[in-house]
Amino acid sequence: MLVARDLRNGSLASLEAYLKQHQGIPDREVAFELWRLLAGPAAQTRFRLVVVDHPDAPADKGGRPSTRSRVPTRKDRERVAEFSCKLDLHGKVWLAREEAAECLGISESTIKRATRKIEAEEAQEIELNSTRARRAAALKKLRRER
């Protein structure tokens, strides 16, 4: 009776002790008053429980992590290969990109993105090779001087 009265007054303090003691809600009256507090119409109760985020909980980051990978995938290579074939055929970049996008069922910006990834990888490879060549030349020079 005490728990039902507290629920009618909007207090949950005695409900917590009641649930710990009984490991559930065996009393029909307590269950009914709890239902009123949770979902009862305004004519039956002055209060309504509302679910809110716990103030001590960590912030929900949510969303999908960005996948701004600069390493080209197999699909990127296929897209660029299709674009290159169309470019050899038509000779105009905009027309080749348009036809490749239509053929693959993707947007033109996807082809642009794939092309940029491949070009960036090739530029990085060229830079790496030139660095290796410079190091090799410097090493040969040092060996000759000895």
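Remarks
- Taking every residue in the stretch 91-104 that is within 14 Å of GLU78 (Cα to Cα) and pairing it with any residue that is open to solvent by less than 50 Å² (accessible area, probe 1.4 Å) and acidic (Asp, Glu), at least 6 positions away or on another chain, the pairs with Cβ-Cβ distances below 7 Å are ALA100/GLU82; CYS103/GLU82; LEU104/GLU82.
- Residues in the stretch 18-28 that are in a helix (DSSP H, G or I) and exposed (fewer than 13 other Cβ atoms within 10 Å of the Cβ): LYS20, GLN21, HIS22, ARG28.
- Selection within the stretch 81-108 - under 25 Å from VAL71 (Cβ atoms), assigned to a helix (DSSP H, G or I) and open to solvent by less than 60 Å² (accessible area, probe 1.4 Å): ALA81, GLU82, PHE83, SER84, LYS86, LEU87, ALA96, ARG97, ALA100, ALA101
- Verdict on GLY10 being touching a Lys or Arg at 6+ places or on another chain (Cβ under 8 Å), open to solvent by less than 80 Å² (accessible area, probe 1.4 Å) and not assigned by the TED database to the domain that holds GLU125: yes
- A search for C-beta distances below 7 Å between a residue of the stretch 119-140 that is within 30 Å of PHE83 (Cβ to Cβ) and any residue that is open to solvent by 100 Å² or more (accessible area, probe 1.4 Å), counting only pairs 6+ apart in sequence or on different chains, returns ALA120/ARG70.
- Filtering GLU33, GLU121 for residues that are surrounded by 12 or more Cβ atoms within 10 Å (Cβ to Cβ), part of a helix (DSSP H, G or I) and touching a helix residue (DSSP H, G or I) at 6+ places or on another chain (Cβ under 8 Å) leaves a single hit, GLU33.
The values are calculated or read from the model by the stated rules, or taken from the named source; none is laboratory data. Quick caveat, the model's predicted, so the values are computed rather than measured. All Cβ positions, even for glycine, are placed from backbone atoms using ideal geometry, and neighbour counts span all protein chains on display. For the accessible areas, the whole protein counts, side chains as well, though only heavy atoms, and no ligand, DNA or RNA atoms are used. Shrake-Rupley method; radii C 1.70, N 1.55, O 1.52, S 1.80 Å.
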